[in-house]
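Reviewing the structure listed below.
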Amino acid sequence: MAKKRQMYFRMITASLLRRRSRMVIALLAISIGAMILSGLVTIYIDVPRQMGAQFRSYGANMILTAAGDSISQEDVDAAADLIGPSDLVGLAPYRYETVRVNDRPVMAAATDMEGARKTSPFWRVDGDWPAASGEIMIGKNVARTYNLKVGKRMTCTFAPETEEAAAGGTGEEEVVMDNYKDFTVTGILDTGGNEEDYVYMLLPDMEELTGEPTLYDICELSVSAASGNLSAYADRITESVPAIHARLVKRVTESETTVLTKLQALVLLVTVVVLALTMICVATTMTAVVAERRREIGLRKALGASNASIVAEFMGEGLVLGAAGGLLGALLGFMFAQAVSMNVFNSSITLMPWLLPVTMAASVLVTGLACLIPIRSATDVDPALVLKGE
Amino acid sequence: MMMIAFTIALGASLATAMLSVMMDVGDKINQELKAYGANITVVPKDTSVVSELYDIGDENITDSYLKEDELGKIKTIFWTFNIVDYAPFLRTRAALESGDEVTVCGTWFNHHMDLPTGEELDAGVMSLRSWWDITEGDWPDEQAADSLEIALVGSQVAEKEGISAGDTLHVTGPAGEASLTVAGVFDAGGDEDDQIYVPLDTAQALGDLEGKVDSIEVSALTTPDNELAEKAARDPGSLSVSQYETWYCTAYASSICYQIEEVITDSVASPVRQVADSEGQILEKTQLLMILITFLSMIGAALGICNLVTASVMERSQEIGLMKAIGAHNGAITGLVLSEILCTAVIGGIGGFFAGIGFAQIIGRTVFGSAVALRPMVIPLVAVLVVIVTLIGCVPAIRMLLNLRPTEVLHGR
Amino acid sequence: MSLLELRNVSKIYGSLRALDHVNIKVEKGEWLAIMGPSGSGKSTMMNIIGALDKATEGEILLDGVDIAKKSASALTDIRRDKIGLIFQQFHLVSYLTAVENVMLAQYYHSVPDEKEALEALDRVGLADRARHYPSQLSGGEQQRVCVARALINYPEIILADEPTGNLDEANEEIVVELFRRLHEDGTTLVVVTHNPEVAEVAQRTIVLRNGRVDHETINPGFTGKIKHITLQ
């Protein structure tokens, strides 16, 4: 029996190695099919993650507002811990105070500039973001009102909150009591939104100007997560950090979900169509490759081979081809997906090791099926007719 | 030959479908991104610095206005077809019965317009604010009979004042008062939750601001900005004539803004960076992704066709050997094989092209709920691809045929 | 009892009677030649004897068993166990070496044994060509591989269909010599040919015409003695 098996493998390897040109054709067809399968499936699975990261350019999708008066740094840290560093793209706490410039009220925001860059990637800054103390970034409208340019200096004054001031801006004459600080304009902010009416400074500067320790009014978060997870995060933060009320920015989250769903559906559909077509291509190629060997099948039958043993031999060949093509294609497909990811998203694709056996299994299956049909029809052929010459 | 025709048809249909989808995906995704709301805001030239969001004073929020009767002109600009939606806003303060002051915002809900071009357009916040969640009741219908006495109440206001859908709301503005039926309560997840939305005319009556609006939000299909657009955005005057033409005739956010400013008196239109920039970025990525996927499937289809052509020509080695034996020249054989296969390719290609259009429509309908536009560009592209791929597929086969020695073939190797 | 007996065998293709009530007996160890012009039914008869094809009517007794009504898979077993086939076009598997082609027959019959296969090739004088592919062998050498393949399983009967049809005279002689040796070893041989030279070395010749046995001759030149010629 061992000798028989040995001969079986000897025949298969002989057929694979010595009929090189035909086998290369078949192998090529199968590996292309497998490459498309593994490549597209990888992209399909990775698209929401990669595209989700792109959608973060819409900026913050979660806002932390104070449940009480204000939010402390500890509260923000606690909230950030709940989300975890892998999903948290950016976090920017904001403190808003009304300051006066040339005796006119202007809203001043103090924030962590690095965080703001990440939560508001769409901000267009003419000049530079403030980096050191005494530097300030002003909105486009503010710049126009005060006729300020990058590099110019400005002074902000702050009236410590007194009873009268809180009642309604009647303290204009009491400038004597005010704190003031000089700033250099480093950048002018263009957003097309309300932000153009604000000035932005660093947190320590605000502390110095107001003379009060930093407490935040609002905190913007950019979180990379599907909308379901996102609302789960929001609920968890609201629950576990009593000082914070977490809300989703619906405009961003809802729209992101819609677009991502459509996009993934698109890639899925395209994958299915492409895959169906390549499978048919693989099948036709295998059919052609097998059909070519009708005469050989006839000979084997004349020599006394049963249909079952002929099917076994040819299938053995097909399966070896399928496995080899699947392996090759899976690797090529991964490389393709990686290339796409690098080109489109500038980031590496997630390696999915399970895709390798799946691709190989799929290509063995498709190749097997593709071989089975022509082999079956070939074994039905009368050996006498085939051998008599076409 | 049937099999070759079939495979070529498959390849061609794949190419057609992928190319059509690829070329249209920009528009489709652009449409989807409109869910993010307006990407252009139009405000009067001298808007005060005072913000609306954290309003500092109680004085009226803006002191200059745009004219309501000019709103229709937005649909007359060069890029009119790219204007998907827009709505005017007029904010005023009004007191509720409880004495609390709220911002009442007049706008269009589903304003119906008959355009001079004969087109019809339903514009308003109903589509512009697609992310609003109507928690109670329904969107107000401007076309209904009592369309002026309706309101859509923000969830924060509703909660605070205990308002629910169907209630009657009495508001007193600076110049008038109105009794409104609450059509619904919305949750926007933003500042709008503190406001009450009413039809534009109602807000104008409340604030004695007939014919005035304080801002317009426009949702337009735009092309992602490039260097030219950025240069133009800073100062259109700095462009050369040809650059200006290019810029003006491309749907950049900045050129659409510029065109809007041309038709609306004393206005400043500016792109909402959050929406405009991100849209551009996502659009670009999606298109690139589709291009690469298309590229992959093309390679797949091409190699599939090549393979099959090679395999099936090799199958005919005996016939060709016979032809050689009876005196056919290499040229004649090559010509015969090529013309046969090209004929097959043309038939398969035409069949595949139509099948591909079908595929593209299926994809369009399933994913975006609308048909994929057929670009004439696709036809020559697919034709050239099919011919080239088929010819390349023939090369190894023909080389083999030419090296064939008739004796070997005829003696049954 | 005859090894093979055809009783009233007819084969009808549409309106054509390829074989028309043929009666033939082949004794064990006999060397029979079947001759006839083209279209006389030689090949049809060959196919029917070789269990490659079924007769339309009549009985075919092989070793006393009627194979005429057997199923396709039973015929396959009969081919495998009792019959060795030699074809005009050789029909070797192109990607297998000579010895592997011989082993292929062993493989389907029972168990491949390379040593035995090499011995068979030695018998046909191809011991030194065992590792060559068919494309590296001359026509005569290919046909000898076929002979080796046909005899490897010690079949009851070896059927040769125009075995010399594609061969030159020298190779023809070698193949005929191989047949002589097989005959000497007691193998039953049925050779279909239109070449009188090949036919006349057989013990008996049956001439077919229009699907019927036209006449039958006992070869006067057959001595049972072997004239030795050397095989290269």
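FYI, it's all coordinate maths here, none of it is from the lab. Please read these numbers as outputs of a predicted model, since none were measured by experiment. Cβ coordinates were reconstructed from backbone atoms using ideal geometry, including for glycine residues, and neighbour counts include every protein chain displayed.
If R0 is 41 Å, the Cβ-Cβ spacing of B:Leu336 and A:Ala276 corresponds to a FRET efficiency of close to 0.75. Averaged over the residues of peptide A:258-265, the number of Cβ atoms from other protein chains lying within 10 Å of each residue's Cβ is 6. Among the listed pairs A:Lys152/B:Lys45; A:Lys4/C:Lys11; C:Lys28/C:Lys69; C:Lys25/C:Lys70; B:Lys45/B:Lys231; B:Lys160/B:Lys212, those with a Cα-Cα distance over 27 Å are A:Lys4/C:Lys11; B:Lys160/B:Lys212. When both segment C:164-208 and segment A:101-166 are represented by their alpha-carbon centers, they are found 110 Å apart. Note on segment A:61-248: with charges restricted to the Cβ of Lys and Arg (+1) and Asp and Glu (-1), its dipole about the Cα centre is near 900 debye. Fewest neighbouring Cβ atoms within 10 Å first, the residues B:Asp141, C:Asp128 line up as C:Asp128, B:Asp141. Residue by residue, segment A:75-86 carries 3J(HN,Hα) couplings of 4, 5, 4, 4, 5, 5, 4, 5, 7, x, x, 6 Hz when phi is fed to the Karplus relation 6.51 cos²θ - 1.76 cosθ + 1.60 (θ = phi - 60°); x denotes Gly or Pro. Estimated from the Cβ-Cβ distance and a Förster radius of 35 angstrom, the FRET efficiency linking C:Lys115 and C:Ser15 is about 0.10.
Computed extension gain for B:Glu319 through B:Glu101, at 0.36 nm per residue and net of the alpha carbon distance, reaches 69.1 nm. The mean number of Cβ atoms from other chains found within 10 Å of a Cβ in peptide C:75-82 is 4, as a whole number.
Could you let me know the centre-to-centre spacing of segment B:244-319 and segment B:327-391, using Cα atoms, in angstrom? That distance is 22 Å.
Put simply, when A:229-242, A:198-211, C:150-163 are sorted by average Cβ atoms within 10 angstrom per residue, most first, you get C:150-163, A:198-211, A:229-242. Return the whole-Å distance between the Cα centroid of segment A:187-243 and the Cα centroid of segment C:45-86. For segment A:187-243 versus segment C:45-86, the Cα centre distance is 91 Å. In chain A, the calculated helix contribution to ellipticity at 222 nm averages -19500 deg cm²/dmol per residue, counting -39,500 (n - 2.57) for every DSSP H run with n ≥ 4. Estimated from helices alone, the mean residue ellipticity of chain B at 222 nm is -15500 deg cm²/dmol (sum of -39500 (n - 2.57) over DSSP H runs with n ≥ 4, per residue). The order of A:Ser57, B:Ser240, going from fewest to most other C-beta atoms within 10 Å of their C-beta, is B:Ser240, A:Ser57.
Relative contact order for segment A:61-248: 40 percent, from Cα pairs under 8 Å spaced at least 6 residues apart, divided by residue count. With helices defined as uninterrupted DSSP H runs, which ones in chain B have an alpha carbon span along their own long axis of at least 27 Å and mean Kyte-Doolittle hydropathy of at least 1.0? Helices meeting the span and hydropathy rule in chain B are B:2-33, B:330-363, B:378-403. Using a Gaussian network model of chain B in which every pair of alpha carbons under 10 angstrom is joined by a spring, one finds that among B:Thr246, B:Thr41, B:Thr223 the greatest mean-square fluctuation is at B:Thr246.
With the charge dipole of segment A:61-248 set up from +1 on Lys and Arg Cβ and -1 on Asp and Glu Cβ about the Cα centre, the Cα lying farthest toward the positive end among the listed residues A:Phe122, A:Ile136, A:Ala92 is that of A:Phe122.
Rounded to the nearest 0.05, the FRET efficiency derived from the C-beta distance between A:Leu331 and B:Ser238 at R0 = 51 Å is 0.45. The mean number of partner chain beta-carbon atoms within 10 angstrom of a residue's beta-carbon across peptide C:87-99 is 6. Per residue, chain C reaches -9500 deg cm²/dmol at 222 nm when only DSSP H runs of four or more residues are counted, each adding -39500 (n - 2.57).
The label point for B:Asp194 and the one for A:Arg20, both projected 7 Å from the Cα toward the Cβ, are 7.9 nm apart.
For C:Glu119, B:Glu227, the sequence from fewest to most other C-beta atoms within 10 Å is B:Glu227, C:Glu119. Summary value for chain A: 29 percent relative contact order, contacts being C-alpha pairs under 8 angstrom separated by 6+ residues.
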